[in-house]
1. Counting only residues that are touching a residue at least 12 places away in the same chain (Cβ under 8 Å) and on the phi > 0 side of the Ramachandran plot, which one in the stretch 572-618 is surrounded by the fewest Cβ atoms within 10 Å (Cβ to Cβ)?
2. Only one of GLU40, GLU54 is at pLDDT 70 or above and touching a Lys or Arg at 6+ places or on another chain (Cβ under 8 Å). Can you tell me which?
3. Among the residues of the stretch 169-188 satisfying the criterion of being over 23 Å from VAL530 (Cα atoms) and in contact with a strand residue (DSSP E or B) (Cβ under 8 Å, 6 or more places away or on another chain), which is farthest from the ligand (Cβ to nearest atom)?
4. Can you give me the ranges of the helices (runs of 4 or more DSSP H) entirely in the stretch 411-519 with at least 1 residues that are among the aromatic types (Phe, Trp, Tyr) and farther than 17 Å from ALA556 by Cα?
5. Identify the single condition in (1) at pLDDT below 85; (2) on the phi < 0 side of the Ramachandran plot that GLN90 does not satisfy, given that it satisfies every other one.
6. Tell me, which helices (runs of 4 or more DSSP H) lie completely within the stretch 58-168 with 3 or more residues that are within 16 Å of the ligand (Cβ to nearest atom)?
7. Return the only residue of ALA12, ALA32, ALA19 being loosely packed, with under 11 Cβ neighbours inside 10 Å and at pLDDT 65 or above.
8. Please state which one of GLY657, GLY690, GLY617 is modelled with pLDDT of 95 or more and either among the polar types (S, T, N, Q) or in contact with a strand residue (DSSP E or B) (Cβ under 6 Å, 6 or more places away or on another chain) (or both).
Amino acid sequence: MIRRNTFIFLLALGISTAAYSQTQDIDRKVEALLQKMTLEEKVGQLNQYTGDWEVTGPVTNSGNKVEDVKKGKIGSMLNVRGVKHTRELQQAAMQSRLKIPLLFGQDVIHGYRVTFPIPLAEAASWDLEAIEKSARIAATEAASSGIHWTFAPMVDIARDPRWGRVMEGAGEDTYLGSLIAKARVKGFQGKGLGNTNAVMACAKHFAAYGAAIGGRDYNSVDMSLRTLWEVYLPPFKAALDAGAATFMNSFNDINGIPATGNSYIQRDILKGKWGFKGFVVSDWGSIGEMIQHGYVKDNYEAAEAAITAGSDMDMESRSYINHLVKLVGEGKVKQELIDDAVRRILRKKFELGLFDDPYRFSNEKREKKTLNKPEFLQAARDVAKRSIVLLKNEGSVLPLSKDLKSVALIGPLVKAEKDMQGFWSIDWGKEDHLVSLYEGMQNQAGKTKLLYAKGCHVQDTSRAGFAEAVSTAKEADVVVMAMGEKFDMSGEAKSRSNIHLPGIQEELIKAIQATGKPVVVLLMAGRPMVFNWTADHVPAILYTWWLGSQAGNAIADVLYGNYNPSAKLPMTFPRSEGQIPIYYNYLNTGRPAKDDTDMNYRSGYIDMQKSPKYAFGYGLSYTTFSYSNLKLSQKQMGKNDSISISFTLTNSGKLAGEEVAQLYLRDVVAKPVRPVKELKAFKKVMLQPGESRTISFTIDKESLSFYNDNLEKITQAGEFEVMIGGSSDAIKLDDKFDLVD
Ligand code: NOJ
């Protein structure tokens, strides 16, 4: 029976009484099971091993994992996929004394069987619905194939394109990143755990992994707590608010304390202040790696530090399974800490319904029916075309006419498949059908003849293919070049000090441009690259990232204008590596440069402009948009009030198209000082030629608040600038209002 006060409290939190009694029921079951468990069995639940099929990190040692499962020594496995394999291992778990089912986790980062664009590319769509849908489909496929848990979304803010893992996140902005984090969690978890098409989400890497010094993967993070709270933590909080079932901690240390052994991060913030009820898995081996960090002496101490700091499950370091029982025996670790971690894990197993039926995700018929459905491929194509950014289109080279006699496809990635699928995609070997650019163009070229020359490789320096590429280009009406990175040049442990277009690809572009033919360059990569010559000389450029299974079809859709590009950059593109870290929401300094030519005792470089090559939020369309008629509902806003900001957006060109209208604010005078602008709202709008629409945004206290040095969220009275446009560096409308006490 729920008491009246409890009922009112639940109502206030928006929790239904049915959900409440289900939670209570699960809590009772967890307690009952806990009573029956030996300490060894409890520690087994905190232990996670990789399967031997796929390996995504340095394997510790093998042993007989199936026997360990039967002995109740393993609570979860990663990298075991497919109904057949997961069922086999679950059968072994059913031979353990208490028959506690295994959890199967997998890096389902951008699709499972059908690969979607890499997360950074999807972020460029600024299309939360499409992003949620892509996660929903990935979850549906994975869940049909025995997976209970994805190690996604990665919600790390990243301001350094040298860092290989920028491909896995939503870019540099906290506001956009938080909305995307929410969309992805909702997509993965669907209508909630317990549905057989929902998988547990895992917000990672907690925390600040994206701020690795120098962009070197796994590197230290040295950061003020204010920046941590203001820039790096909000996407995690958003994921938690959206119901993320699990968190993964991170490899880095934060101000000298490894995240895995960091009580402030995991206990005080996540489980304390934020009240997280799920469990925290370590990153691969990160518990043991605290030895290399120099934080603990050995795995015994590592286990003690990690469990004390709130890491619930040990991925692959074997510190827990080898040492926790002894640590409890010797009084170094309290039994309650173990019980708390076990409870958190068991609760999720109950919520997933695995105690009712451990094989409910292991249905071969469902797997067969679900994987690779045509509508999933269609959705992958749809979000892929929404992720392509038009960087340049001088002389309207694009879209291509269907009447062209011939198009030359030139470059090392024209026929690439795996490379366009990108890092963190699941390898299906021969079963994979990945649409290359070549195939995508064949599907749509109609009467146009397609010519092909590779020209050069992605990375080496041989010019042997240049002559053939040049003569092929000369035969064509238009040249489309497919250039960029191979799939393993951005990703985990794939940081690069040089993020220029690799090898001699830009030399090939020069040679082709010299033919005088109209050239379109496609840039396929997992990160922002540097390609200044191309940007300055080639008339048309599309940044296509790595787009997944349907890459070629999606690119052809955009090249032929069947889809009018609408994506906007979620990360700043530098002119040179020397400008990194570079991001749009920087602080002004006491000596800001007025413009790119102002270098007299100014903040910047004497050998390089201050501005980036392409700004955050930038992206063109085949049509044009104009902004007018900015109106603020009032010029003064009370602290607990809100203000409505509206303007007219018009499609001033000749084609239908979507624009992402962006609103930025600046708090002009504040203590501490505030960034030159911050994204606070955006809307993606479809407009027919000549059509106008009124766009309205509401700004309230939350949009104006920030952290002070005591880590309190505050607002300060004073002037705010309002800036509206289609990019952070193309503000079309501006005004001001005052926040008053
Ligand atoms: C290490 C990566 O950092 C993490 O993101 C991933 O989920 C695990 N390996 C498992 O593959």
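1. Among those that are touching a residue at least 12 places away in the same chain (Cβ under 8 Å) and on the phi > 0 side of the Ramachandran plot, it is THR589.
2. Details: GLU54 fails: at pLDDT 70 or above.
Within the list GLU40, GLU54, the selection yields GLU40.
3. The initial filter retains those residues of the stretch 169-188 that are over 23 Å from VAL530 (Cα atoms), namely 174-188.
Add one more test, that the residue is in contact with a strand residue (DSSP E or B) (Cβ under 8 Å, 6 or more places away or on another chain), and what stays is 175-176, 181, 185, 188.
On the way: TYR175: 24, LEU176: 21, ALA181: 15, VAL185: 16, PHE188: 14 Å.
The qualifying residue farthest from the ligand (Cβ to nearest atom) is TYR175.
4. Details: elements: 418-421, 437-444, 466-475, 505-513.
Of the helices (runs of 4 or more DSSP H) lying wholly inside the stretch 411-519, those with at least 1 residues that are among the aromatic types (Phe, Trp, Tyr) and farther than 17 Å from ALA556 by Cα span 466-475.
5. (1)
6. Working: elements: 65-70, 83-93, 119-124, 128-144.
Filter on the stretch 58-168 gives 128-144.
7. Working: ALA12 fails: at pLDDT 65 or above; ALA19 fails: loosely packed, with under 11 Cβ neighbours inside 10 Å.
Selected residue: ALA32, the only one of ALA12, ALA32, ALA19 that is loosely packed, with under 11 Cβ neighbours inside 10 Å and at pLDDT 65 or above.
8. Exactly one residue qualifies, and that residue is GLY617.
The values are calculated or read from the model by the stated rules, or taken from the named source; none is laboratory data. If you're wondering where the values come from, they're calculated on a predicted model, not measured in any experiment. Because the Cβ atoms are built from the backbone with ideal geometry, glycine has one as well, and the counts that use them run over all protein chains shown.
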